[in-house]
Amino acid sequence: MDDRILGSITGTALQLGVVSLICLIAWALVGRRRAGLREWLGLKGAPPGLTLIAAAVGVGGALFLLQTPGLAELAAGPGTVIHAITGGGPADAAVLVALAFAALFKTALAEELLFRGLIARRLYGLMGFWPGNLGQPSCSPPSICPSSCCPRDGVCWAVR
């Protein structure tokens, strides 16, 4: 297996492990008397029909991206995860699996666990939904918050 693919999978597992450990420690210190870990983080199963629709939209979007030359070049250009894994060359099946693994677990699951599950749910409980939802970007590092949200001074517009 190529080192870039192995590195992507290893990095994904490491990031998900660190985020899971942070959530587990926070739950053990604060939430275990209130609810089980899954309930405390808001991890609920989606209805099968909705999961199927979301998968179809995701696969359809990926196929659209791959079939649209301008979008495919933009998505695989220098500075992107795809370019880092493929080295600018064509993607084979192993590379596509590594990219899917990174997209689903590193980006989506780890981010949702940390920001939606741990941070947002605590802010909603403390401040209510709208103030907690608007205050959540202030808990994110400036590199995660979009530049339109966090100007150079690093203070998010939502908490000004």
Original post:
Within the range 14-56, restricting attention to residues that are open to solvent by less than 60 Å² (accessible area, probe 1.4 Å) and touching a Phe, Trp or Tyr at 6+ places or on another chain (Cβ under 8 Å), which residue is farthest from Val95 (Cα to Cα)?
Top reply: Gly31
Original post:
Does Leu134 satisfy the condition of being open to solvent by 40 Å² or more (accessible area, probe 1.4 Å) and modelled with pLDDT of 80 or more?
Top reply: yes
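Okay, residues lined up against (1) surrounded by 11 or more Cβ atoms within 10 Å (Cβ to Cβ); (2) in contact with a Gly (Cβ under 9 Å, 6 or more places away or on another chain); (3) over 24 Å from Leu134 (Cα atoms); (4) of a type in the set (S, T, N, Q):
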{"position": "Gly58", "(1), (2), (3), (4)": "yes, no, yes, no"}
{"position": "Gly61", "(1), (2), (3), (4)": "no, no, yes, no"}
{"position": "Leu96", "(1), (2), (3), (4)": "yes, no, yes, no"}
{"position": "Ala100", "(1), (2), (3), (4)": "yes, no, yes, no"}
{"position": "Gly117", "(1), (2), (3), (4)": "yes, yes, no, no"}
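The values are calculated or read from the model by the stated rules, or taken from the named source; none is laboratory data. Bear in mind that the values here come from a model prediction, so they are computed numbers and not experimental data. Here Cβ is always computed from backbone atoms with ideal geometry, including for glycine, and neighbour counts include all displayed protein chains. Please note that ligands, DNA and RNA were not included when accessible areas were found on the heavy atoms of the full protein model with its side chains. Shrake-Rupley method; radii C 1.70, N 1.55, O 1.52, S 1.80 Å.
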